[in-house]
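The values are calculated or read from the model by the stated rules, or taken from the named source; none is laboratory data. Since this is a predicted model, take the numbers as computed values, not measurements. Neighbour counts run over all protein chains shown; Cβ positions are idealised from the backbone, glycine included.
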Amino acid sequence: MRHISILLLATFIFFNAVPAAYADDKDFFSKSWESISSYFSDDEKDNHDEKDSSDNDKEDHDENRQVDHDNGNTGNTGNTGNATTPPPTIALPLAGNTGNATTPPPTIALPLAVLVEARGAQNTVLAGAATATDSAGNILVVTNDAPVTFPVGITTVTYTATDVYGNIATATQTVTVTDTTAPTLTIQQPAVTVEATAAQMTVTLGVATATDIVDGVLTPTNNAPVTFPLGVTTVTYTATDAAGNAATAQQQVTVQDTTPPVITAPAAVSGASQDGYAVAVAIGLATATDAFNPVAITSNAPATFPIGNTTVTWTATDANNNSSTATQLVTVIDNSIFANLPPDPGAAGKATLEGIDSDNDGVRDDVQRWIVMSYPNSQKTRAALMQATKTMQQFIMSAANPTTAYNIAVQMGKDYECFSYVSPNAYDISSENKAIVLNTYLRTKEWLKANNLLSGNMFSSSPYSQRRLNCNFNPDAMAN
């Protein structure tokens, strides 16, 4: 008995420890019974077989009751059995489960959701691996519908596991491919400089290109104006991909004005001076054109122009401070008494007794210049002095011949009478002129020598009414 009790207890533990997956498997229990029945006596085996037969009869009875229930039992109504006994409970199989209806589906352990940055339009993603076990803890094969590569956006990957009874379990994982990378934008000419030929310029900006890791080649846009003003304009280029990522780049467009105005000076002009002094001359105005107005025109012309050539420089300056110049020649002709003056002989004019007479008019250059410059406003005085000076120069040169000296002295008297007719200041002016003529020691010495030759000679004078006749010019025809 003790032996049988131990076996019964072992049998109880065995059957209660059977996994749920084999609870309804009769073959399993039959085989299990056969494996332990060797421990029982023949009487104990007979008792087990009788109980097994009774259990089979009970199962047939339950099946008959189930048929009756399926044929129209809606509760206790129409039930030919005990009216208070509830109908049997039916275990429906799980959806998609073609195996044992009471066996739970497999359990799937998913990898975590994946979030990656796009590296192209299609991306290889390491999504991880799912695992699955059935209710008995057995590891199952898991399949999924993941694509080879993933596009930008959210892709749902479905994992499926099926146990040996056909129970199917599914679970989903999200794979998100984001595009937060801006396009690459390149400007061929980051800086463009053009010379202005007008206030508004059309400028060729060059080429800008853009590429994106997802969308490929993009077409950039920019905010460039139709025409560009003088100065620096910043042009902004923008490239935006399908995900809204934008790249910008800037280009500096410089319109500069370094071109000076085109200036035209007036033609050369001339004027005349009647008194030897500077005179005003009408020189006209220069003209200038430029793309940027106003253009200011100035010159360095004096108010009056001296005798000779003067170069006038005209300057045109535009609104951007570019300038250009042109020149004009202004000539003033000397129509005065100074026009034909000989040059100043300087020290060379005193080196010899006769001095320098470059124009061969009989009057030394230094004396001629003194006469004209001292009395520019009296033609009569200048003419009388020129006449007298010629005779005085001859007198200096005649110191060795008394007869010549006498005759020249007579002519000097007539010269003075002419001068006294022309000017009431003849004496004073003649004295000044004599000092200029005798401006060296040698000339003074020769003058005194010639004068000594006249000793003892008598000289007569003409009446005042005849003094005019001693002039070698007509003083009455002269204005002053």
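Inspection of the range 208-216 identifies no residue that is outside the structural domain of ALA247 (by TED's automatic domain parsing) and not in a loop (DSSP other than H, G, I, E, B). With respect to the conditions (1) more than 30 Å from ASN138 (Cα to Cα); (2) surrounded by 16 or more Cβ atoms within 10 Å (Cβ to Cβ); (3) not small (Gly, Ala, Ser), ASN167 falls short on a single one, namely (1). If only residues of the range 228-275 that are touching a Pro at 6+ places or on another chain (Cβ under 8 Å) and of a type in the set (D, E, K, R) are counted, the one that is nearest to THR176 (Cα to Cα) is ASP241. For the range 163-180, the criterion of being under 44 Å from the mean Cα position of the chain (by Cα) and part of a loop (DSSP other than H, G, I, E, B) is met by at least one residue. Confirm whether ASN377 is within 18 Å of GLY276 (Cβ to Cβ) and in contact (Cβ under 8 Å) with a residue 60 or more places away in the chain. When the stated conditions are applied, ASN377 passes them. Looking at this structure, is THR440 more than 28 Å from SER461 (Cα to Cα), in contact with a Lys or Arg (Cβ under 6 Å, 6 or more places away or on another chain) and either among the polar types (S, T, N, Q) or free of Cβ contacts under 8 Å to residues at least 60 places away in the same chain (or both)? In short, yes.
Which condition breaks for ARG119 when tested against (1) surrounded by 18 or more Cβ atoms within 10 Å (Cβ to Cβ); (2) under 30 Å from LEU218 (Cβ atoms)? Of (1) surrounded by 18 or more Cβ atoms within 10 Å (Cβ to Cβ); (2) under 30 Å from LEU218 (Cβ atoms), only one is false for ARG119: (1). Each residue in the range 382-419 was checked for being among the hydroxyl-bearing types (Ser, Thr, Tyr), in contact with a helix residue (DSSP H, G or I) (Cβ under 7 Å, 6 or more places away or on another chain) and free of Cβ contacts under 8 Å to residues at least 40 places away in the same chain, and 2 of them qualify. Quick check, is VAL141 within 30 Å of ASP290 (Cα to Cα) and surrounded by fewer than 18 Cβ atoms within 10 Å (Cβ to Cβ)? Answer is no for this residue.
Here is a yes/no grid of residues against (1) more than 30 Å from TYR165 (Cβ to Cβ); (2) exposed (fewer than 12 other Cβ atoms within 10 Å of the Cβ); (3) at pLDDT below 50:
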residue	(1), (2), (3)
ASN79	yes, no, yes
ALA83	yes, yes, yes
PRO87	no, no, yes
ASN100	no, no, no
PRO106	no, no, no
LEU110	no, no, no
SER135	no, no, no
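When both residues are 6+ apart or on different chains and their Cβ atoms are under 9 Å apart, which pairs have a first residue that lies in the range 142-157 and is at positive phi, and a second that is aliphatic (A, V, I, L, M) and part of a strand (DSSP E or B)? Listed pairs, sorted by first residue: GLY153/VAL177.
This table checks each residue for (1) outside the structural domain of SER135 (by TED's automatic domain parsing); (2) farther than 30 Å from THR107 by Cα; (3) modelled with pLDDT of 95 or more.
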{"residue": "PRO151", "(1), (2), (3)": "no, no, yes"}
{"residue": "THR158", "(1), (2), (3)": "no, no, yes"}
{"residue": "ILE168", "(1), (2), (3)": "no, no, yes"}
{"residue": "VAL194", "(1), (2), (3)": "yes, yes, yes"}
{"residue": "ALA199", "(1), (2), (3)": "yes, yes, no"}
{"residue": "THR233", "(1), (2), (3)": "yes, yes, yes"}
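Looking only at residues in the range 217-270 that are part of a strand (DSSP E or B), of a type in the set (S, T, N, Q) and over 30 Å from GLN200 (Cα atoms), the one that is farthest from the chain's Cα centre (by Cα) is SER270.
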